[in-house]
Amino acid sequence: MKTAPSGHAHTHSNGHANGHASSHAGHDRLIEPRKKASRSSLAAHAKFLAEFISHPGRMGAVAASGPALAKRMAAQIDWANTRAIVEYGPGTGTVTEELIKHVKPGTKFFAIERSPELAAVCRRRLPQVHLYEDSAENIVEICRAEGVEQLDVVVSCLPWASFPESLQDSILTATMKALKPGGKFVGFGYQMGLLTPAGRRFHGRLPRYFENIGRSRPVWLNIPPALVFTGDRRQQPDFVPGASR
């Protein structure tokens with residue numbers, strides 16, 4: 001289990017440097033920070049695309065999630081009653097950046113990214129986030145390392161439909177052991193993915209683990225268009241031995 005030597009995102013912070021020149025500076029001084037941010041964003045997208053080319057089955061998309069999708073995902077969470085939250089597959093950190101804007105003081109937030117290349121991008125972008133370079137299959141052990149007995153929320157940016165069913169079940173079973181009964185699961189899928197056999201099979205598996213499953217309207221501003229799905233952890237998930245606490 002690898003983790004960066006960065007701090008926990010326990011407080012309401014979005015990790016942005018200010019980047020604005022003082023009010024008495026000339027207009028030319030206000031342009032450079034925006035150029036730097038643009039270069040950084042392009043570099044992150046390039047890294048994501050390179051990862052897709054190298055590992056298409058692991059990535060599931062040619063572009064990182066966009067800000068509109070990130071906001072839609074964050075809006076599904078009851079932040080006032082969230083004390084422990086994890087993000088699976090933060091990638092370049094777009095959704096992560098939105099989530100930590102809402103994290104309340106005292107709330108434990110951490111993330112798990114399997115790709116070393118994307119983990120490096122996310123760490124540079126958001127050094128205050130505690131990021132594990134690991135598989136979400138190991139969420140129980142990671143929670144133990146974090147001192148978390150049960151999670152209130154799991155946010156997933158994983159490309160579920162591109163995973164074999166054995167891996168889907170492995171991650172979901174581990175999630176049931178870490179997420180409290182009634183805890184919230186928030187994920188997303190691409191609109192076109194719901195039309196594929198793999199996408200339909202994955203969404204057909206969700207009722208084994210979750211109840212009150214819902215889907216948002218499509219987020220058309222995302223590329224490709226996506227929707228957010230949510231569910232509450234069942235009191236006794238189907239066929240998951242020892243999952244009830």
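The values are calculated or read from the model by the stated rules, or taken from the named source; none is laboratory data. All figures in this text were calculated on a predicted structure; none of them were measured in a lab. Here the Cβ is made from the backbone with ideal geometry for all residues, glycine too, and neighbour counts use every protein chain on show.
When Thr196 is tested against (1) β-branched (Val, Ile, Thr); (2) surrounded by 21 or more Cβ atoms within 10 Å (Cβ to Cβ); (3) farther than 29 Å from His130 by Cα, only condition (2) is not met.
A single entry from Glu146, Glu137 fulfils the requirement of being more than 14 Å from the chain's Cα centre (by Cα) and over 30 Å from Leu195 (Cβ atoms): Glu146. Checking Ala226 against (1) in contact with a strand residue (DSSP E or B) (Cβ under 9 Å, 6 or more places away or on another chain); (2) within 22 Å of Phe110 (Cβ to Cβ); (3) surrounded by 17 or more Cβ atoms within 10 Å (Cβ to Cβ), only one condition comes out false. Which one? Status for Ala226: all satisfied but (2).
In this structure, does Val148 turn out to be outside any strand (DSSP E or B) and not hydroxyl-bearing (Ser, Thr, Tyr)? Against the criterion (outside any strand (DSSP E or B) and not hydroxyl-bearing (Ser, Thr, Tyr)), Val148 qualifies. Only one entry of Ser156, Ser162, Ser170 meets the criterion of being under 22 Å from Arg72 (Cβ atoms) and touching a helix residue (DSSP H, G or I) at 6+ places or on another chain (Cβ under 6 Å), and that entry is Ser162.
For His130, are the conditions met, namely being touching a residue at least 24 places away in the same chain (Cβ under 8 Å), farther than 19 Å from Ile77 by Cα and touching a Phe, Trp or Tyr at 6+ places or on another chain (Cβ under 7 Å)? When the stated conditions are applied, His130 passes them. Give the residues of the stretch 133-165 that are more than 24 Å from Glu97 (Cβ to Cβ), modelled with pLDDT of 95 or more and among the aliphatic types (A, V, I, L, M), sorted by residue number. Passing the criteria: only Val140.
Of all residues in the stretch 100-141, those satisfying the criterion of being surrounded by 21 or more Cβ atoms within 10 Å (Cβ to Cβ), among the aliphatic types (A, V, I, L, M) and in a helix (DSSP H, G or I) are Leu118, Ala119, Val121, Ala136, Ile139.
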